[in-house]
Amino acid sequence: MEPTENALLGGRVRLLQPARGYRIAVDAVLLAAAVEARPAERILDLGAGVAAVGLCLAARVPGCTIVGIELQPTLAALGVRNARLNEVDERVQTLVHDLADPLPGHLGPFDHVATNPPYLAAAVADPSPNPSKALATVESSADLARWLDVATGALKPAGTLLTIHRSDRLEEIVGHLAGLGWGEITVKRLPPAARVLVRARRASRLQRTEAPPLVLHRAAGGYTDEAEAVLRHAQPLIL
């Protein structure tokens with residue numbers, strides 16, 4: 001089945017994605033917006049899918065480069081096509097790799113790592129009957145701890161990690177990152193969605209900050225002006 005073409009960031013990004021199975025949600029756009037990248041910096045995107053995070057970053061930050069790591073070859077192939085479609089294939093790369101294995105040593109280190117891991121632990125999940133969607137949403141060969149281990153291991157000493165995840169796994173994320181020595185942690189909640197953005201930097205002791213939340217939806221329906229600025233107008237998301 002041919003992929004569908006959709007648009008992100010108010011048409012700044014063209015995106016091919018599977019017609020069925022896992023499809024891009026606003027989480028990828030929010031994650032990309034939260035990365036404080038500068039021109040010439042290198043970003044690693046773990047769980048890149050069809051390269052939505054990388055494409056949004058490339059559209060917002062001229063001159064940065066993004067390496068995406070994706071388990072599923074069909075999604076990674078669409079990521080490569082998307083980079084060409086948006087004429088950023090010299091800056092956005094997608095590689096097939098299983099995070100259960102060490103990253104190739106020549107890739108790093110990176111200034112930033114962005115990651116949107118599968119939200120559900122295998123022990124409690126009711127997987128989708130679509131195999132591709134199940135792999136994207138349920139932990140398989142690498143659990144959440146492994147994703148965080150790989151992410152922090154790929155960073156420069158002064159680098160930053162950004163992840164978006166379910167709010168009911170926040171304490172698990174904070175505890176693991178602090179144990180790895182990445183204890184300067186900022187949390188931004190995204191009501192009414194049960195999601196949180198977490199930024200971590202290297203620190204020997206836990207220093208946790210709650211940033212002002214980003215309210216996504218109006219009570220009467222539709223996105224708030226603040227959310228529209230990020231999702232449609234490609235503004236950075238400040239933590």
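The values are calculated or read from the model by the stated rules, or taken from the named source; none is laboratory data. Values in this document were obtained by computation on a predicted structure and should not be read as measured data. Backbone-built Cβ (ideal geometry, glycine too); neighbour counts: all protein chains shown. Remember, those area values only see protein heavy atoms, side chains included, never the ligands or the DNA or RNA. Shrake-Rupley method; radii C 1.70, N 1.55, O 1.52, S 1.80 Å.
Once the convex hull of all Cα atoms in the chain is built, its volume per residue stands at 123 Å³. Residue ranges 192-199, 6-13, 145-152, 41-48 sort as 41-48, 145-152, 192-199, 6-13 when ordered by packing (mean number of other C-beta atoms within 10 Å per residue, highest first). Would you mind pulling out the separation of the Cα centroids of region 1-50 and region 169-239, in Å? With region 1-50 and region 169-239 each reduced to a Cα centre, they are spaced 18 Å.
Residue ranges 201-209, 217-225 sort as 201-209, 217-225 when ordered by packing (mean number of other C-beta atoms within 10 Å per residue, highest first).
Each residue of region 158-173 is assigned a 3J(HN,Hα), and the resulting list reads 9, x, 10, 10, 10, 9, 10, 7, 5, 5, 6, 10, 4, 5, 4, 5 Hz, derived from the Karplus form 6.51 cos²θ - 1.76 cosθ + 1.60 (θ = phi - 60°), x at Gly and Pro. At a probe radius of 1.4 angstrom, the accessible area of region 4-111 per residue rounds to 42 square angstrom. Computed over region 154-239, the percent of Cα pairs more than 21 Å apart is 35. Based on Cα contacts under 8 Å between residues 6+ apart, the chain shows a relative contact order of 18 percent.
Note that region 153-239 presents 50 Å² accessible area per residue, ligands and nucleic acids not counted, probe 1.4 Å.
Computed about the Cα centre, the dipole magnitude for region 152-202 is approximately 220 debye when only Lys and Arg (+1) and Asp and Glu (-1) carry charge, each at its Cβ.
In order along region 147-153, the Karplus-derived 3J(HN,Hα) couplings, from 6.51 cos²θ - 1.76 cosθ + 1.60 at θ = phi - 60°, round to 4, 5, 4, 5, 4, 5, x Hz, and Gly and Pro are given as x. In the chain, the DSSP-assigned H stretches of four residues or longer account for a calculated mean residue ellipticity at 222 nm of -8000 deg cm²/dmol, using -39500 (n - 2.57) per stretch and the full residue count as denominator. For residue 216, the amide hydrogen comes within under 5 Å of the amide hydrogens of 193, counting only partners 5 or more places away or on other chains and with H modelled in the peptide plane. Between the amide H of residue 203 and those of 182, 183, 184, distances stay under 5 Å, these residues lying 5 or more places away or on another chain, with hydrogens modeled in the peptide plane. Restricting to the chain, what percent of DSSP beta bridges are antiparallel, rounded to 5? Antiparallel: roughly 45 percent of the beta bridges in the chain.
Phi-derived couplings, Karplus 6.51 cos²θ - 1.76 cosθ + 1.60 at θ = phi - 60°, listed residue by residue for region 215-229: 7, 7, 10, 6, 4, 8, x, x, 7, 5, 4, 5, 5, 4, 4 Hz, with x used for Gly and Pro. Proximity of backbone amide H atoms, modeled 1.01 Å from N, is registered between residue 37 and no other residue at under 5 Å, excluding neighbours fewer than 5 places apart on the same chain.
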